[in-house]
Amino acid sequence: ANTYNRFDLSFIKGEGCYLFNAKGEKYLDLVAGIAVCALGHSHPEFTEKIKKQCSKLLHVSNLYNIPPKKELAKKIVEKTFADAVFFCNSGAEA
C-alpha cells in the first residue's frame, strides 16, 4: 500500500547515530526510527544485552506481570519526579 512517499535512500547498516548505504556513504540518522526508541545502531554493549534478553523474552504484553519491567519502573520512580510508571507502545495509550 502506498500510505506515504519514501525517500530514494536505502540503508544496509548502522553505527551509533549514523546509517550507511550499499556504497558505504555515511548519513547522520536524524529520524532515528519513528515511534521507537532512539538508541542508535550497533553499540556493542547494547547489542550484547539485546542478544541476552532475546534468549529469554523479547516482548510480552502489558496484560502480564514481567519482573524486569517492575524493577525498571521502581528505578524510574526512585530516580525521577514520577510517582508511577505506565509502559505503553504509542501515544494513544499514553
Answer yes or no: is there a residue in region 12-19 that is surrounded by fewer than 10 Cβ atoms within 10 Å (Cβ to Cβ) and assigned to a loop (DSSP other than H, G, I, E, B). no
I'm trying to understand the selection: among the residues of region 20-34, which are open to solvent by 70 Å² or more (accessible area, probe 1.4 Å) and at pLDDT below 90? LEU30, VAL31, ILE34
Region 41-94: number of residues that are more than 30 Å from LEU19 (Cα to Cα), open to solvent by 100 Å² or more (accessible area, probe 1.4 Å) and part of a helix (DSSP H, G or I): 6
Check LYS51, LYS13, LYS69 and return the single one that is at negative phi and without any contact (Cβ under 8 Å) to a residue 12 or more places away in the chain. LYS51
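The values are calculated or read from the model by the stated rules, or taken from the named source; none is laboratory data. Treat the numbers as computed from the prediction; the structure is a model and nothing was measured. Glycine gets a Cβ as well: all are built from the backbone with ideal geometry, and neighbour counts include every protein chain shown. Keep in mind that these areas ignore ligands, DNA and RNA; they rest on the heavy atoms of the full protein, side chains included. Shrake-Rupley method; radii C 1.70, N 1.55, O 1.52, S 1.80 Å.
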